[in-house]
1. If I ask for residues that are within 17 Å of residue 82 (Cα to Cα) and assigned to a helix (DSSP H, G or I), which ones from region 1-35 would you list?
2. Of the numbered conditions (1) open to solvent by 50 Å² or more (accessible area, probe 1.4 Å); (2) of a type outside the set (Val, Ile, Thr); (3) assigned to a helix (DSSP H, G or I); (4) in contact (Cβ under 8 Å) with a residue 12 or more places away in the chain, residue 81 satisfies every one except a single condition; which is it?
3. Take the conditions among the hydrophobic types (A, V, I, L, M, F, W, C), assigned to a loop (DSSP other than H, G, I, E, B), closer than 22 Å to residue 13 by Cβ and open to solvent by less than 80 Å² (accessible area, probe 1.4 Å) and apply them to residue 38. Does it pass?
4. Suppose we keep only residues that are open to solvent by 50 Å² or more (accessible area, probe 1.4 Å), at pLDDT 95 or above and part of a loop (DSSP other than H, G, I, E, B) within region 41-78. Which one would you say is farthest from residue 5 (Cα to Cα)?
5. Can you run down the residue pairs with Cβ atoms below 7 Å, 6 or more apart or on separate chains, where the first is in region 45-68 and of a type outside the set (Lys, Arg) and the partner is open to solvent by 50 Å² or more (accessible area, probe 1.4 Å) and assigned to a loop (DSSP other than H, G, I, E, B)?
6. Yes or no: region 7-15 includes at least one residue that is of a type in the set (Gly, Ala, Ser) and touching a residue at least 60 places away in the same chain (Cβ under 8 Å).
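The values are calculated or read from the model by the stated rules, or taken from the named source; none is laboratory data. This one's a predicted model, so the numbers in the text were calculated from it and none came from an experiment. Every residue, glycine among them, receives a Cβ derived from its backbone with ideal geometry; neighbour counts consider all protein chains shown. Please note that ligands, DNA and RNA were not included when accessible areas were found on the heavy atoms of the full protein model with its side chains. Shrake-Rupley method; radii C 1.70, N 1.55, O 1.52, S 1.80 Å.
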Amino acid sequence: MTVYIDPPSWPGHGRLWSHLVSDDSYDELHGFAVALGVPERAFERDHYDLPAHRYPDAVAAGAVEVSSREVVRLLHAAGLRRRKRRLQEPSS
């Protein structure tokens, strides 16, 4: 059971962000996030968005540094990947 983090390379709201994921369960991920003091609102479908200035904190707490591509692979392999829902076209 491990929590992983990718480099802060995702832009948004004037800063760069990382993704924090688990290869085991959402419970493990949520527990890690709580211990790190990450707010619940940072959880999005299958990961936490973490601002770049918190990256060293996550690594110091035990998150393993991996590439963004590896984050997606790990989520798929664990069966934890949740894709964004597509908006449905209104029927006429």
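1. 26, 27, 28, 29, 30
2. Just one mismatch for residue 81, condition (3).
3. yes
4. 61
5. Pairs that qualify, where the first residue is of a type outside the set (Lys, Arg) and the partner is open to solvent by 50 Å² or more (accessible area, probe 1.4 Å) and assigned to a loop (DSSP other than H, G, I, E, B), are 46/81; 46/82; 68/9.
6. Taking every residue of region 7-15 in turn, none turns out to be of a type in the set (Gly, Ala, Ser) and touching a residue at least 60 places away in the same chain (Cβ under 8 Å).
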